[in-house]
Amino acid sequence: MRWTVHGEGEVWGNQWMSVRRLDVEQPDGERYDYHAVRLKDIAAAVVTRDEHVLLMWRHRFLTDTWAWEIPMGIIEAGEDPETAAGRELLEETGWRADGLTELIRSEPAAGIMDSRHFVYRATSATYVGEPTERNESDRIEWIPVADLAAMIARHEIVSGITLIGLLQLQLER
């Protein structure tokens, strides 16, 4: 049931993403134009200590919503996902992980987008100073892990990568 891609071209793009038109052929032989987004991979960090998790309260202007999120960002060219997760954690929160391990990986919309999301976990971190990314969040707080399920139910946590990371954290407890 493998599809064949006969060609691909960019419709529009910038340094983070590219909207593509693909000439695809389905297994039954039907051939047509398919549109997809090629988006850079994302790395994120779930940091815990003393039954608390480090979260950022932030506004997402596209949906005009406020919610709690884990630190995350685009993996830069030549950067491995673990390094990117640590860099984003430090830039966005001012906390440096004392070691990261892979928690979970996802492909959030593999039918229309090729971005992979890598989530790492740290069980300790050291505060090194104010975040250097000043436009990322309103507040940075250590939230009790026991509160996460209720926060998700109240839609205070809605980001896909945040949900995947925090739910995996709960499964591994």
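Axis angle, to the nearest 10 degrees, between helix 160-171 and the longest C-alpha principal axis of the chain: 60 degrees.
For region 94-173, the Kirkwood hydrodynamic radius from C-alpha pairs, put into Stokes-Einstein at 4 °C and a viscosity of 1.567 mPa s, yields a diffusion coefficient of 89 µm² per second.
Once the mean of 1/r is taken over each pair of separate Cα atoms and inverted, region 40-128 shows a Kirkwood hydrodynamic radius of 13.5 Å.
Count the net charge of all other residues whose Cβ sits under 11 Å from the Cβ of Met17, scoring Lys and Arg as +1 and Asp and Glu as -1. Working shown, then result.
Values: positive: Arg20, Arg38, Lys40; negative: Glu10, Asp114.
With Lys, Arg at +1 and Asp, Glu at -1, the neighbours total +1.
Rounded to a whole number, what is D in µm²/s for the chain from Stokes-Einstein with the Kirkwood radius over alpha-carbon pairs (25 °C, 0.890 mPa s)? If you can, show how the numbers build up before the last one.
Working: Rh = 17.5 Å.
After rounding, the answer is 140 µm²/s.
For region 79-130, the normalised intensity computed at q = 0.14, 0.16, 0.20 Å⁻¹ comes to -0.41, -0.51, -0.71 (log10 of I(q)/I(0), Debye sum over alpha carbons, equal scatterers, no solvent). Here the calculated FRET efficiency for Glu79 and Trp12, from their Cβ-Cβ distance with R0 = 30 Å, stands at 0.75, rounded to the nearest 0.05.
What fraction of the DSSP beta bridges in region 46-133 is antiparallel, stated in percent and rounded to the nearest 5? Counting only bridges with both partners in region 46-133, antiparallel ones make up about 90 percent.
Sorted largest first, the principal axis extents computed over the alpha-carbon atoms of region 127-173 equal 32, 22, 17 Å. Every helix of 4 or more DSSP H residues in the chain counts as -39500 (n - 2.57), and over all residues that averages to -5500 deg cm²/dmol at 222 nm.
We did not get these values from a lab; they are worked out from the coordinates using the rules stated. If you're wondering where the values come from, they're calculated on a predicted model, not measured in any experiment. Cβ sites come from the backbone with ideal geometry, for glycine too, and all protein chains shown count toward neighbours.
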